[in-house]
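Working notes for the structure below.
The values are calculated or read from the model by the stated rules, or taken from the named source; none is laboratory data. Note that the coordinates shown come from a computational prediction; the quantities given were computed from them, not determined experimentally. Every residue, glycine as well, gets a Cβ built from its backbone with ideal geometry; the counts of neighbours run over all protein chains shown. With ligands, DNA and RNA removed, areas are computed over all heavy atoms of the protein, side chains included. Shrake-Rupley method; radii C 1.70, N 1.55, O 1.52, S 1.80 Å.
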Amino acid sequence: MKKFSFKRLTAMSLLIVMLFTMIACTPARPVETTPESTTETPVTEAPEVFVDIVKDQKTEYVIVFADGPSQKAFAAVTTLKNAINECLGDNYIRSKSDFLKRDEVVPEKAKEIVIGATNRPANAELEKNLGGKDYAILFENDRLYIYGKTDDAITEAVNFFVKNYIKDGTI
């Protein structure tokens, strides 16, 4: 009978220890919460861009995406690539990941269309300034950035770009 009581006492002690551990590991709730902004300003018209990505059915640009993208992000890259390839006729636009070899550095200027979060210079600033569902399209140092914090935002940004900037075989 003593062995049974000792087992029971040990089990109860372990249960109490586990209970306190679980309580200690739960995240504290914030005292004050601020609601997320629910008012979004939809863009209805694309601003004019004076960059020739495709000229005379040729391009010097390369699509660059994050190394090891998710399926959804890669699908957005494919959507953009297919839309641009339609403008190029017999030519095609190359695409590659942002992977760099050990001694390689990101060039300051390059004719690239950068999709999503990569190791390119403007990505850190875009990451800092955008909310969770926001996206941005930015042209800087010969690079066109199509950026979104989430895969859904990247997809939305690419779709916006394709719809508003690729027209009649020109970009």
key: Yes/no for E112 being more than 18 Å from I53 (Cβ to Cβ) and either under 20 Å from the mean Cα position of the chain (by Cα) or not hydrophobic (A, V, I, L, M, F, W, C) (or both)   = no
query = Taking V77, is it β-branched (V, I, T), farther than 14 Å from I146 by Cβ and not in a strand (DSSP E or B)?
reply = no
request  = Looking at (1) part of a strand (DSSP E or B); (2) farther than 19 Å from I171 by Cβ, find the lone condition where V114 falls short.
outcome  = (2)
query = Which members of segment 135-171 meet the condition of being part of a strand (DSSP E or B) and either touching a residue at least 60 places away in the same chain (Cβ under 8 Å) or of a type in the set (S, T, Y) (or both)?
reply = Y135, F139, L144, Y145, I146, Y147, T170
request  = List the number of the failed condition for G132; all other conditions in (1) under 16 Å from the mean Cα position of the chain (by Cα); (2) at pLDDT 90 or above; (3) not in a helix (DSSP H, G or I) hold.
outcome  = (2)
Checklist (1) surrounded by 13 or more Cβ atoms within 10 Å (Cβ to Cβ); (2) farther than 22 Å from N164 by Cβ; (3) of a type in the set (K, R); (4) out of contact with any Asp or Glu (no Cβ under 9 Å at 6 or more places or on another chain) applied to R120, failing item = (4)
inquiry  = Condition check: of a type outside the set (A, V, I, L, M) and within 18 Å of T59 (Cα to Cα). Does N123 satisfy that?
reply    = no
ask   = exposed (fewer than 13 other Cβ atoms within 10 Å of the Cβ), in a strand (DSSP E or B), of a type outside the set (F, W, Y) and modelled with pLDDT of 85 or more: does that describe K96?
value = yes
ask   = Is it the case that segment 116-128 has a residue that's closer than 20 Å to K81 by Cβ, in contact with a helix residue (DSSP H, G or I) (Cβ under 6 Å, 6 or more places away or on another chain) and among the β-branched types (V, I, T)?
value = no
inquiry  = As an exercise: evaluate N82 against (1) of a type outside the set (A, V, I, L, M); (2) surrounded by 12 or more Cβ atoms within 10 Å (Cβ to Cβ); (3) in contact (Cβ under 8 Å) with a residue 24 or more places away in the chain and give the number of the one condition it does not meet.
reply    = (3)
inquiry  = I need a count of the residues in segment 57-79 that are open to solvent by less than 50 Å² (accessible area, probe 1.4 Å) and touching a Leu at 6+ places or on another chain (Cβ under 8 Å).
reply    = 3
task = For segment 63-83, state whether one or more residues are at pLDDT below 65 and under 28 Å from G116 (Cα atoms).
result = no
